[in-house]
Amino acid sequence: MKKLMTVMLLMSLLSVSCNKSGGSSSDESIPSSDTATANSADDTTTVPPPASSTVPALALSFQTNVNYMNLTATEEEKYNKAVVMVKKVVATEKFRTSVLNHFWNGAKQYANNRGLSNAQIYQSVLDAAESLKPIKNNTMDLGVKMYYQASSIVGYTNGSITYINVNTKFFNTFATNSVSGNLFHEWLHKLGYGHDSAATAQRPYSVPYAVGYMIRDIGKSFL
Amino acid sequence: MKNIILFAFFLLAMNSFASIEYTPSEDFQPTPAEIQNNRSCFKELKVLGCSNPGEDIEQFRSCMNNVYASLNKHCRNLMDDLYK
């Protein structure tokens, strides 16, 4: 009996600690339109170009290999825009510094970080070696499958499949940057990162949530 | 019986789901004005000969650096925010 309990405890530590769970949900409200502000020309004072960034070459060469399993043509078109947005965001200095400077619990770290530093996590994104296809190919390899469920779950995956499931309840109304954020969140699970299944205080600071939000928020600039 | 429990536990562990729940928030959606302003920057860069950053990021960044001084303040701020 003791042996069995020990093994079960070890297995629980090894397993992905996420479950499909319900949560609060409400319709997303689109902010009301503001009056468009015209871009005004500045004076001709000499302006130096932005300082050369330290974005690594792998961030610039990051590729995507996304396979659509049951998407309609319209859904594919929308998803393609989100995939392109992911590449644009990964290639920015802002993404690099956001990932590297992420804070949680008083230190530069993520929750549920598998013992990895922020720099190691950033590198793992660029290496893009999914758990089920552990080749560092600098390419997001992923399948996408649509489904509908009247729940608060935007999407999900699990450890034994190479694709992600996307809930059309949200996909159909999401802006491109939100689709990108969800895509990246689920892909980070394929890289082996997890988070608490319950809505704990630390869950937003896990790699899938935190970095997914970065993709979404930086992606705003590319809408 | 012990083996069955072990097997069932292992099977469940492998199939646990990693999901994302919807969190309602307006913070991550820009206003239509912000979208228009941002798009105008990339349109201007395209007119100035810079590629789409999603197609050829290296050419885009190199070109953007070359034409940076001719961009308006909003666009310079946007480029600084993203690429500096």
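The values are calculated or read from the model by the stated rules, or taken from the named source; none is laboratory data. Just so you know, these numbers come straight off a predicted model, no measurement behind them. So basically every Cβ, Gly included, is an ideal-geometry build from the backbone, and we count neighbours across all protein chains shown. Please note that ligands, DNA and RNA were not included when accessible areas were found on the heavy atoms of the full protein model with its side chains. Shrake-Rupley method; radii C 1.70, N 1.55, O 1.52, S 1.80 Å.
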A/B buried area, accessible surface, summed, 1.4 Å probe, Å² = 5400
inquiry  = 5 Å is the cut-off here: which amide hydrogens, built 1.01 Å from N in the peptide plane, fall below it relative to B:Ser51, excluding neighbours closer than 5 in sequence?
reply    = B:Phe60
inquiry  = Order A:62-73, A:153-164 from most to least packed using the mean count of other Cβ atoms within 10 Å.
reply    = A:153-164, A:62-73
query = Using 7 Å Cα-to-Cβ label points, what is the A:Ile135/A:Phe103 separation (nm, one decimal)?
reply = 4.2
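With the other protein chains left in place, how much accessible area per residue, in square angstrom, belongs to the range A:59-222 at a 1.4 angstrom probe? Please report the intermediate quantities before stating the final value.
Details: 6060 Å² over 164 residues.
Result: 37 Å² of accessible area for each residue.
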query = If amide H atoms are built 1.01 Å from N in the plane of the peptide, which residues on other chains or at least 5 residues away come under 5 Å of the amide H of A:Thr64?
reply = A:Met140
key: Cα gyration tensor category, rounded, prolate or oblate, for the range A:154-210 with a/c compared to 1.5   = oblate
ask   = ³J(HN,Hα) across the range A:69-75 via Karplus (A = 6.51, B = -1.76, C = 1.60, θ = phi - 60°), whole Hz, x for Gly/Pro?
value = 9, 8, 7, 6, 4, 5, 5
ask   = How many times 2.2 N^0.38 Å is the alpha carbon radius of gyration of the range A:51-172?
value = 1.18
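Heavy atoms only, probe 1.4 Å: what % of the accessible area of the range A:59-222 goes to carbon and sulfur, would you let me know? Don't skip to the answer; put the middle values down first.
Values: 3040 of 6060 Å².
That share works out to 50 percent.
Can you tell me the relative contact order of the range A:59-222? Whole percent, Cα pairs under 8 Å, sequence separation 6 or more.
It comes to 28 percent, rounded to a whole number.
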inquiry  = I'd like the accessible area for B:Leu48, computed on protein heavy atoms only with a 1.4 Å probe and all protein chains in place. Round to 10 Å², please.
reply    = 70
query = Modelled label-to-label distance, A:Glu76 and A:Ser160, 7 Å Cα→beta-carbon offset: nm?
reply = 3.0
message = If you take each beta carbon of peptide A:149-159 and count the beta carbons of other chains within 10 angstrom, what is the mean?
response = 4
query = What is the set of long-range amide H partners of A:Tyr163 at a cut-off below 5 Å, with H atoms built 1.01 Å from backbone N?
reply = A:Gly143
key: Hz values of 3J(HN,Hα) by residue in the range A:173-190 - Karplus curve (6.51, -1.76, 1.60), Gly and Pro given as x   = 10, 5, 6, 4, 5, 6, 4, 4, x, 5, 4, 5, 4, 5, 5, 5, 5, 5
message = I'd like the Karplus ³J(HN,Hα) series for the range A:152-163: coefficients 6.51, -1.76, 1.60, θ = phi - 60°, whole numbers in Hz, and an x wherever there's a Gly or Pro.
response = 9, 8, 6, x, 7, 8, 8, x, 10, 10, 9, 10
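How many Cβ atoms of partner chains, on average, are near each residue of B:31-43 if near means within 10 Å of its Cβ? Kindly include the intermediate steps, with their values, before the conclusion.
On the way: counts 7, 8, 6, 7, 6, 6, 5, 4, 3, 3, 2, 3, 0.
Counting Cβ atoms of other protein chains within 10 Å of each residue's Cβ and averaging gives 5.
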